[in-house]
Amino acid sequence: MNCEEATKLMDGYLDGELDPITSEKIEQHLRDCRKCEEAYEAHTALTHAISRGAPYYKAPIELRQRVHSSLRDEVADKPARTVLRRSQLLVRTKQPEPRTVLFGTPWNWLSLAGLGLAAAVIFAAIIFSNLAPVLRRPGADQFLATQLIASHVRSLMANHLTDVPSSDQHTVKPWLDAKLDFAAPVVDLSGEGFPLIGGRLDYLDNHPVAALIYQRRKHFINLFIWPTAAGTTETKKTMTRQGYHLLHWVDPDFNYWAVSDVSDSELQTFNQHFEGQILHR
Ligand SMILES: [Zn+2]
């Protein structure tokens with residue numbers, strides 16, 4: 001590896017983006033080449049100075065997911081102009097600056113770092129100005145919906161639909177009661193076309209929950225149940241995400257979230273039968 005190659009690859013090396021073999025070659029060159037090593041040290045010092053000087057807050061995972069999904073929506077909403085502007089901004093910072101040696105220090109790394117920082121600030125400002133209204137929206141339900149769908153999909157993919165496979169509510173209920181610190185209602189809806197397949201323990205929203213699995217023709221419905229928080233005044237709501245329908249309702253004792261790829265109206269029917277059965281127990 002010569003100085004020119006090392007210079008080109010330095011940014012990637014500093015960001016840890018290179019494969020091990022290329023990194024090893026750069027390190028070898030830095031051991032052998034005084035000039036490149038000095039440049040490397042100058043760049044590292046600058047990076048440290050920036051990271052020390054700038055406040056850094058680790059985004060909570062919930063915020064990160066909201067930003068990601070908001071960005072996806074943003075890109076889907078106005079693809080042409082905004083995205084082009086952003087990519088131009090990014091591309092411009094990646095173009096190599098003319099190489100000028102200033103007092104023996106390759107100036108282009110420093111100027112690139114400065115440009116990169118400026119671009120990052122502008123980029124962040126653009127994102128933030130676009131996202132500020134989005135970030136103020138309550139995202140707790142969206143976050144929970146993501147978890148619910150993930151859990152539903154996982155239960156179907158991992159061949160772990162049920163812990164207790166039984167169509168008998170008098171088998172499923174005691175099994176769940178013994179594992180949880182609440183007694184979730186279990187009803188069989190086979191007479192209504194939603195046969196009970198079994199039960200499962202799951203973990204959502206930071207607590208263990210009961211999952212009841214119902215079948216509708218070839219489809220499955222995961223019904224997640226956990227106790228309501230005191231003073232809950234939520235009403236029934238529906239959501240559609242990633243092709244899955246979610247239906248949420250509460251009663252004085254429990255939260256219910258039904259997740260499935262059956263149609264929205266079938267979930268509503270399921271909900272009516274479920275609530276009807278609970279009332280008549
Ligand atoms: Zn060199």
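Please treat every number below as a calculation from the coordinates, not as lab data. What you see is a predicted model; the values in this text were computed from it and never measured. Here the Cβ is made from the backbone with ideal geometry for all residues, glycine too, and neighbour counts use every protein chain on show.
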- Query: In what sequence, highest mean first, do 171-179, 258-266 appear when ranked by Cβ atoms within 10 angstrom?
  - Reply: 258-266, 171-179
- Arrange the following residues from fewest to most other Cβ atoms within 10 Å of their Cβ: Y13, Y203. Y203, Y13
- Message: So if I take the centroid of the Cα atoms in segment 240-281 and the same for segment 147-190, what is the distance between those two points in Å?
- Response: 15
- Would you mind ranking M1, M10 so that the residue whose beta carbon has the fewest other beta carbons within 10 Å leads the list? M1, M10
- Item | For W257, W249, W226, order by how many other beta-carbon atoms lie within 10 Å, fewest first | W249, W226, W257
